[in-house]
Amino acid sequence: MSEERGGEEQVQPGRRMVVPGVTRLYVRVPLERIGVLVGKGGEVLRRVMEKTGTKIAVDSANGTVVIEPASPATSPFQMLKAQDFVRAIAYGFSPERAMRVLEEDQVLIVIDLKQYVGSSPNHLTRVKGRIIGEKGKARKNLEEMGGVYISVYDDYVAFIGDYESANAVKEAIELLIQGRQHSTVYRYLDRIMTRVKRREKLELWYKEGPPWS
């Protein structure tokens, strides 16, 4: 599931314009996920292209996906959002869940479990079991506590959420990978999320001003 960016010109986030027919982003998607990306009758792709102002071409033979601007009005941000959606599908999210990454303040974060525990199938299976939990309980708890979506697919764990929450859950999962008890990890995540929510309330308060102003 390697990601490639290429073409004659690549998108740079600071650029104001992209060039149809020249600017391209490339993503490699596992063949078994192509049908999920395209959707019945191409419905999923159409929705994403409409939402992001992009053109997305899928090579079902090798899994290569090419993302291009549909018009000069398409922004680099929209291109990158379309790319994140395709990557979210590649890492196991359903189209409904992957749509969340198109929202302005949402991000996709991915960790490769092999970088933490090596390539031993037994180690990978054990760690994935700890992250998912019995009948998916651990993953569900982490999702609810962090307000994020989590996908465990192949040897990767992916998160969709706002930047702070997604990174907080990532840190919690790293503790699980290290062998910490679930109860310890839940307490840690609860403390982090309490701080995040408190900070968000303060930022909202400063932005809107006190009620007596």
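Any residue in the stretch 62-76 that is touching a strand residue (DSSP E or B) at 6+ places or on another chain (Cβ under 7 Å) and surrounded by fewer than 13 Cβ atoms within 10 Å (Cβ to Cβ)?
no
Listed residues Gly41, Gly53, Gly92; which is crowded, with 16+ Cβ neighbours inside 10 Å, more than 29 Å from Leu176 (Cα to Cα) and modelled with pLDDT of 95 or more?
Gly53 is the lone residue from the list that is crowded, with 16+ Cβ neighbours inside 10 Å, more than 29 Å from Leu176 (Cα to Cα) and modelled with pLDDT of 95 or more.
If His123 passes every condition in (1) of a type outside the set (Lys, Arg); (2) in contact with a helix residue (DSSP H, G or I) (Cβ under 8 Å, 6 or more places away or on another chain); (3) within 23 Å of Glu103 (Cβ to Cβ); (4) free of Cβ contacts under 8 Å to residues at least 12 places away in the same chain but one, which one does it miss?
It fails just one condition, (3).
In the stretch 9-29, is there at least one residue being outside any loop (DSSP other than H, G, I, E, B), loosely packed, with under 15 Cβ neighbours inside 10 Å, modelled with pLDDT of 95 or more and outside the structural domain of Ile160 (by TED's automatic domain parsing)?
Within the stretch 9-29, none of the residues are outside any loop (DSSP other than H, G, I, E, B), loosely packed, with under 15 Cβ neighbours inside 10 Å, modelled with pLDDT of 95 or more and outside the structural domain of Ile160 (by TED's automatic domain parsing).
Select from the stretch 84-105 the residues that are in contact (Cβ under 8 Å) with a residue 60 or more places away in the chain and not in a loop (DSSP other than H, G, I, E, B) and list them in ascending order.
Once the filter is applied, which keeps residues that are in contact (Cβ under 8 Å) with a residue 60 or more places away in the chain and not in a loop (DSSP other than H, G, I, E, B), the stretch 84-105 yields Arg87, Ala88, Ile89, Ala90, Arg97, Ala98, Arg100.
Pull up the stretch 143-197, narrow it to residues that are touching a strand residue (DSSP E or B) at 6+ places or on another chain (Cβ under 8 Å) and assigned to a loop (DSSP other than H, G, I, E, B), then point me to the one that is surrounded by the fewest Cβ atoms within 10 Å (Cβ to Cβ).
Filtering the stretch 143-197 for residues that are touching a strand residue (DSSP E or B) at 6+ places or on another chain (Cβ under 8 Å) and assigned to a loop (DSSP other than H, G, I, E, B), the one surrounded by the fewest Cβ atoms within 10 Å (Cβ to Cβ) comes out as Gly147.
The values are calculated or read from the model by the stated rules, or taken from the named source; none is laboratory data. Note that the coordinates shown come from a computational prediction; the quantities given were computed from them, not determined experimentally. Heads up, the Cβs are rebuilt from the backbone with ideal geometry, glycines too, and the neighbour counts pull from every protein chain shown.
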